[in-house]
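These notes are about the structure you will find just below.
Nothing in this text is a laboratory measurement; each read-out follows from the coordinates by a stated rule. Just so you know, these numbers come straight off a predicted model, no measurement behind them. FYI the Cβ positions are ideal-geometry reconstructions off the backbone, even for glycines, and counts take in every protein chain you see.
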Amino acid sequence: MIRGAQSTALAELFSLLHRHGDLVAAAYDAEIRVGELATEAAVEALARVGVLKPFEGSYFIHPRLREFLNEFLSAYQAYKSLTRLSPLMEEGRELWTSMVNLRRDDEVDSAVSREWEFGYKLLEIAQAIEANITLMQTLVSTRYGNVRSPGEKRRQNVYYQKQIGQLQRELESLRVFCSEMESRATAAERPDLQARVYRTLVVRLADWAAVIKEVALAIGADLFRQRRIEAQMRRLADTALFLRAQPTFGSLDIDPGKEAVPDWAFKVEGLPIAAHADIVGAPPATAEAWEEIARALPPRPVLSVEHAAEDAAPPTIEHDEGRILADIFDVHGEEVVQLAARVRQSRTPVSLVEHFQASPHLADSGVDAWLLFAAVELPLHDVAVDFVDAEPDGAGVPVNLAFKDVLVRATATAHARPHADAPRT
């Protein structure tokens with residue numbers, strides 16, 4: 001098909017979507033049946049171009065179109081998977097190989113077309129990462145507004161914790177991909193393509209990695225908080241059951257030093273829980289208020305591909321810091337580095353609780369945040385962590401269990417070789 005025919009076909013498609021916009025909007029939320037919300041001619045017209053897909057007497061909106069609308073509206077269904085980067089990187093490598101072969105065979109026009117597709121594939125990879133980040137920021141900031149129960153919220157947290165881990169591994173693969181493409185462009189004496197890879201992906205990798213790490217910490221903190229809430233809910237349930245079974249119960253006379261105190265007799269400590277708007281099932285008045293607030297916000301700057309190529313400044317991701325850092329405790333990473341260096345020089349395990357109590361400058365973070373942060377970061381510095389009195393759990397993720405303390409010790413490899421964080425004399 002020639003370019004002129006393509007333009008005509010696209011113009012007809014957009015005109016069709018404009019004429020039947022109400023029907024497309026209705027199909028976004030529910031299935032469509034002929035005679036209920038639409039005429040047979042309108043449904044057949046949309047089905048002919050693939051916007052609507054038939055199934056057992058009903059019509060559904062095209063899944064890829066609905067995915068685009070979800071991204072546009074920032075409305076994501078439960079357990080939506082993050083976009084995988086590996087297939088996109090593999091397509092990029094194949095496009096490069098095809099481009100080189102066409103150049104070698106003197107097929108210049110086809111080679112130029114492949115170069116454009118290669119550049120577009122780089123933009124597609126960048127867009128996939130930003131879409132993944134937007135999805136995770138939306139879920140974290142709304143506290144998974146499409147979840148109705150604490151148990152389902154915890155399961156979603158575990159699911160997206162695995163998804164974020166997979167995304168972090170793919171981001172490392174993307175670093176390798178970028179280095180490979182830059183090397184190929186240098187060998188082929190194509191500085192323009194090398195610059196394209198650098199501007200589109202390389203300069204943004206650090207920002208992407210930082211945001212993804214913040215989201216991962218937020219999800220881990222939510223899981224840790226869920227564990228504490230569940231333990232106290234069980235204690236409340238036991239107390240309520242006992243009081244219902246013993247309506248004449250007056251008090252409890254027990255010497256804690258000599259007798260065991262039942263769990264239900266302990267006081268339940270209050271947990272600070274921040275209120276978050278539920279994005280599902282909002283009343284009309286609330287939805288109108290949100291729309292008014294959204295309309296008052298300034299528009300986001302839009303940068304075209306041509307202007308982005310000419311811009312010499314490294315592009316950065318603009319994101320609302322308060323959306324993902326609202327509940328991230330401000331703990332001291334430098335303290336972890338210094339503690340790791342001291343532990344690697346010692347043969348005796350160190351208690352993180354005792355270290356916190358002996359370090360007044362850590363008091364602003366809180367002992368819970370310190371334990372969670374240090375238990376995650378210290379293994380990255382050749383330090384082994386042991387969780388004290390951790391509750392057994394089938395999930396098998398120790399940092400998400402309820403525990404009293406964390407003992408840290410140097411690994412065998414840490415004693416065998418010097419470490420980059422070790423203090424120098």
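By the scheme Lys and Arg +1, Asp and Glu -1, what is the net charge of all other residues having a beta-carbon under 12 Å from that of A45?
-1
For the pair F72/V158, report the inter-label distance in nm, with labels modelled 7 Å from Cα in the Cβ direction.
Roughly 3.7 nm, to one decimal.
Rank by packing, highest mean first: peptides 193-200, 44-51, 228-235, with packing defined as the count of other Cβ atoms within 10 Å averaged across residues.
The densest-packed peptide leads the list: 193-200, 44-51, 228-235.
Mind checking the alpha-carbon convex hull of region 86-223 and giving the volume per residue in Å³?
Taking only Cα atoms, region 86-223 has a hull volume of 97 Å³ per residue.
How large is Rg/Rh for region 3-73, to two decimals, with Cα atoms and a Kirkwood Rh?
Ratio of gyration radius to Kirkwood radius: 0.98.
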